[in-house]
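The values are calculated or read from the model by the stated rules, or taken from the named source; none is laboratory data. Here the structure is a predicted model, which is why all the values come from computation and not from measurement. Quick reminder, even Gly has a Cβ in these numbers, built from the backbone with ideal geometry, and neighbours come from all protein chains shown. Calculation scope for accessible area: heavy atoms of the full protein, side chains included, ligands and nucleic acids excluded. Shrake-Rupley method; radii C 1.70, N 1.55, O 1.52, S 1.80 Å.
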Amino acid sequence: MTEKLLLTGNEAVALGAWEAGLVFASAYPGTPSTEILENLAGYGGVYSEWAPNEKVAVEAAAGASMAGVRSLATMKHVGLNVAADPLFTFSYTGVTGGCVIVVADDPGMHSSQNEQDNRHYARAAKLLMLEPSDSQEAKEFTKLAFELSERFDTPVLLRLTTRICHSKGIVTRGERGEVAPLPYAKNIEKFVMTPANARVRRVDMAGREKGELHYANREAAASGVHTVIRAAGGESGKIGVVSAGVAYQYARDVFGDTASYLKLGVTYPMPLELIREFAADVDTLYVIEELDPYMETQIRAAGIACTGKSVIPEIGELNSDIVRRAVFGTEPETVKPSIASVPRPPSLCAGCPHRGFFYGLSKRKDVIITGDIGCYTLGSAPPLSAIDSCLCMGGSVSMGHGAAKAVALTGSGEKVVAVIGDSTFFHSGVTSLMNVAYNGSNVVTVIMDNRITAMTGQQQNPGTGSTLMGGEAPLVDIPALVVSLGIKQENIHIINPLMLGEVNAALDAAFAANEPAVIITRWPCVLKSYSAADTAEFGAARSVCVIDQEKCTRCRLCTKTGCPAIVSSDAVEILGASCTGCTVCMQVCAFGAITLEGR
Amino acid sequence: MNEKNAKAILLVGVGGQGTILASKILSEGFVSAGYDVKMSEIHGMSQRGGSVSTQIRFGTDVHSPIIGEGEAGVIVAFEKMEALRWLEYLRPGGRIIVNDYEIPSVPILLGAAKYPAGILAELSAKADALVIDAARIAEELGNARAMNIVLLGAAVRAMQSDGLADIDWRAIIEKNVKPAFLELNLRAFDAGFSA
């Protein structure tokens, strides 16, 4: 009997890649894609690594493919923007070993800064695209993607969404099929994209697309990559539904057994002939898709009448309720509470090293604070409110540069602070800081080095000394890197961000410099499992802060740190179970009412 | 409408309470019982002290991995205010198991809002509510952190009619917890089951 496993889509992609004989995998962590590589790292026979960013990951996968092995790169949706440069030309060169690029969209922005629909990338870069609708398909389509990559000589895009990545479903386990590496064959016309060679490859791509289109229209239906379900039709005539991905599952719940379904597994190129045949057999055709009218636009352009975004929302994540309400106007019967609940927004953890720095920064007047992508974006929330912008990975430093130049040019006088995490700095902040130094802006760049990639769940990075597979690695020396980028040694301040005196002294010095300055806050994430080096540098002891209720004046200044361990009701108390003894509240208290237990 | 074959259970709580582990064990139980199962959870920024939910649908052939409003036959709330927040997902007449446990959210900590009063009475008036002091039970067993498994035991009890009573829960729990915590978790499960 085949073993049945309950796997998330991410776990299933990892299993599928392993079964497909994958040899090389690279990724930058990003919700909801992160667990693919974390799972792969546990399989034998596959080498997997965290790259500093998604562009590096795709280029590395392209190189491994060119050298003859099956390779994989995974990322969240916005990661493909970073990797778009290699992506478009990789489509021209094609592959040697099969190469699959997994991209995970986040409809509803559960953990993202936008909800871009990456299916447009497949069309723009002319990349064969597969979209699984559950965990079993996530595994099967991953394996298929490697075969199609080699057959059509193209990287293949496997597009997931949050609900595919993070939903568990039943998956049957298979065996790993080893694929012999192909010997390296120098092929300048194929891999060197000079204009002369690229023009030839561009024409070759058109031929490849014809083959892919035939596959999408015919073979994919015959082999069950597309699912076709024919129903007899109900009283309201024959309803047909074209869908793909998780949206298909919502459609199945809403339309039930009375509708016919064409669930597409291949969504680039779009199998319009197949859709035309399906549509001819139904009276009403619905296109049920999440986010943009990607399929609908192409179906309409082919002259096939359908109903899609005129009823189905284009913004946000779908679910069965939304589809049902949109199509049939029916509301579910529910239990309505008569008491309102209070929102529970995420917050910086108790003991988070960012809190001390943000508290100090929040007291400064006339500052522009550009922020970045990571836990520290939560520094924008009240009561700290110490982040003014968050655009993209690495954007804080470049935006800070532009803002500082604008301030200097207009004479408006604000100080500009750019806040970026260690992993984000390695990802794409380094070139931005190079620009600050080269073009000379008075930005204070704050590298919040919490010794790990925290937001996505504690991944290693070039600053931590370890790799994804547990090996030792050289550490990036951030102060030395900053010096070599052109920041003067005297303008670099390395501090413990939990010590408010150090925070204030560093801000004073950096603001006084009137030239590019860098503050490096160095303290581990409170959730980090300390390495031996961490324990040696930061100590292992954790304690608890307590409030002496006789000394406490209920001024509630300590609550302005936004610490979730401090409860403010009639009295102010510290939750012993949450407190780590970081002492930020103790330093803030003007009455000496807070002490560290046992000291 | 067409979900005749799929039933649903919703587990809600606050990041760090162990809802995901409890949901994982429960889902594996449904697989052992021979059901098709889908379970959905949200990771990332929402976990930093935010509201967390995991949704399980089971039946002969499950399509959507996420449940709709008014669909959950059972809600297990690891925290009182989360029970209130997710109440609209309960099927009218459904059972809600609620941990008598408060975790104030940031607006409450800051004094900008008050933790709602009268939640348990509201739940009892609107649904078939079972209130459990899982923290106290787990603490008496030796570790307050095991309250997630106490609540799991109560959930399994509530779903006995779905064929969950005859599952080898011991084996599934053993697979999912560290050996050092196995006995504690088994006792927590039993305590929740008989609560």
>> Residue under question is B:ILE56, and the condition is that it be in a strand (DSSP E or B) and over 27 Å from A:THR34 (Cβ atoms); does it hold?
In response: no
> Within the stretch A:295-310, can one find any residue that is more than 14 Å from chain B (Cβ to nearest Cβ), aliphatic (A, V, I, L, M), in a loop (DSSP other than H, G, I, E, B) and open to solvent by less than 10 Å² (accessible area, probe 1.4 Å)?
Replying inline: no
>> Among the numbered criteria (1) open to solvent by less than 30 Å² (accessible area, probe 1.4 Å); (2) within 14 Å of chain B (Cβ to nearest Cβ), which one does A:GLN458 miss?
In response: (1)
>> I want to confirm something. Restricting to the stretch B:64-78 and keeping residues that are at the interface with chain A (Cβ under 7 Å from one of its Cβ atoms) and open to solvent by less than 30 Å² (accessible area, probe 1.4 Å), which single residue is farthest from A:LEU7 (Cα to Cα)?
In response: B:GLY70
> Mind checking which residues of the stretch B:79-114 are in a loop (DSSP other than H, G, I, E, B), at pLDDT 95 or above, open to solvent by 20 Å² or more (accessible area, probe 1.4 Å) and within 11 Å of chain A (Cβ to nearest Cβ)?
Replying inline: B:TRP86
> In the stretch B:115-139, how many are open to solvent by 40 Å² or more (accessible area, probe 1.4 Å), touching an Asp or Glu at 6+ places or on another chain (Cβ under 7 Å) and assigned to a strand (DSSP E or B)?
Replying inline: 1
>> Any residue at all in the stretch A:382-390 that's over 21 Å from A:PRO479 (Cα atoms), within 21 Å of the chain's Cα centre (by Cα) and touching a residue at least 24 places away in the same chain (Cβ under 8 Å)?
In response: yes
>> Just the residues that are open to solvent by 10 Å² or more (accessible area, probe 1.4 Å) and part of a strand (DSSP E or B), please, taken from the stretch A:511-536.
In response: A:ARG522
> Under the condition of being among the acidic types (Asp, Glu) and out of contact with any Lys or Arg (no Cβ under 6 Å at 6 or more places or on another chain), which residue from the stretch B:115-136 is farthest from the other protein chains (Cβ to nearest Cβ)?
Replying inline: B:ASP133
> What is the one condition in (1) farther than 30 Å from A:THR227 by Cα; (2) more than 8 Å from chain A (Cβ to nearest Cβ); (3) open to solvent by less than 40 Å² (accessible area, probe 1.4 Å) that B:ARG57 does not satisfy?
Replying inline: (1)
> What number of residues within the stretch A:554-581 are under 16 Å from B:LEU110 (Cα atoms), without any contact (Cβ under 8 Å) to a residue 40 or more places away in the chain and open to solvent by 70 Å² or more (accessible area, probe 1.4 Å)?
Replying inline: 4
> Taking strands (runs of 3 or more DSSP E) that do not extend beyond the stretch A:339-458, which have at least 3 residues that are touching a Ser or Thr at 6+ places or on another chain (Cβ under 7 Å)?
Replying inline: A:415-421, A:443-449
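Results for (1) in a strand (DSSP E or B); (2) more than 10 Å from chain A (Cβ to nearest Cβ); (3) over 20 Å from B:LYS175 (Cα atoms), shown as yes or no for each residue.
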residue: B:GLN17; (1), (2), (3): no, yes, no
residue: B:LYS24; (1), (2), (3): no, no, no
residue: B:GLY29; (1), (2), (3): no, yes, no
residue: B:MET39; (1), (2), (3): yes, no, no
residue: B:VAL52; (1), (2), (3): yes, no, yes
>> For a quick check of your reading of the model, give me the residue pairs whose first member lies in the stretch A:476-487 and is assigned by TED's automatic domain parsing to the domain that holds A:GLY440, whose second is among the charged types (D, E, K, R) and open to solvent by 20 Å² or more (accessible area, probe 1.4 Å), with beta-carbon atoms closer than 6 Å and at least 6 apart or on different chains.
In response: none
> When you go through A:HIS120, A:HIS77, A:HIS110 one by one, which is the residue that is surrounded by 24 or more Cβ atoms within 10 Å (Cβ to Cβ) and either out of contact with any Cys (no Cβ under 6 Å at 6 or more places or on another chain) or of a type outside the set (Val, Ile, Thr) (or both)?
Replying inline: A:HIS77
> Counting only residues that are within 14 Å of chain B (Cβ to nearest Cβ) and open to solvent by 30 Å² or more (accessible area, probe 1.4 Å), how many does the stretch A:311-321 have?
Replying inline: 2
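Condition check ((1) of a type in the set (Val, Ile, Thr); (2) open to solvent by 10 Å² or more (accessible area, probe 1.4 Å); (3) within 15 Å of the chain's Cα centre (by Cα); (4) within 23 Å of A:SER466 (Cβ to Cβ)) across all residues:
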| site | (1), (2), (3), (4) |
| --- | --- |
| A:TYR28 | no, yes, yes, yes |
| A:LEU40 | no, no, no, yes |
| A:TRP50 | no, yes, yes, yes |
| A:ALA60 | no, yes, no, yes |
| A:SER71 | no, no, no, yes |
| A:THR89 | yes, yes, no, no |
| A:GLY94 | no, no, no, no |
> Among helices (runs of 4 or more DSSP H) lying entirely in the stretch A:177-273, which contain 1 or more residues that are touching a residue at least 40 places away in the same chain (Cβ under 8 Å) and outside the structural domain of A:ILE164 (by TED's automatic domain parsing)?
Replying inline: A:245-255
>> Could you check the stretch A:537-553 and list, in sequence order, the residues that are among the charged types (D, E, K, R) and loosely packed, with under 12 Cβ neighbours inside 10 Å?
In response: A:ARG542, A:GLU550
>> Every residue in the stretch A:102-121 that is within 12 Å of chain B (Cβ to nearest Cβ), in contact with a helix residue (DSSP H, G or I) (Cβ under 6 Å, 6 or more places away or on another chain) and either of a type in the set (A, V, I, L, M) or within 26 Å of A:SER149 (Cβ to Cβ) (or both), please.
In response: A:ALA104, A:ASP106
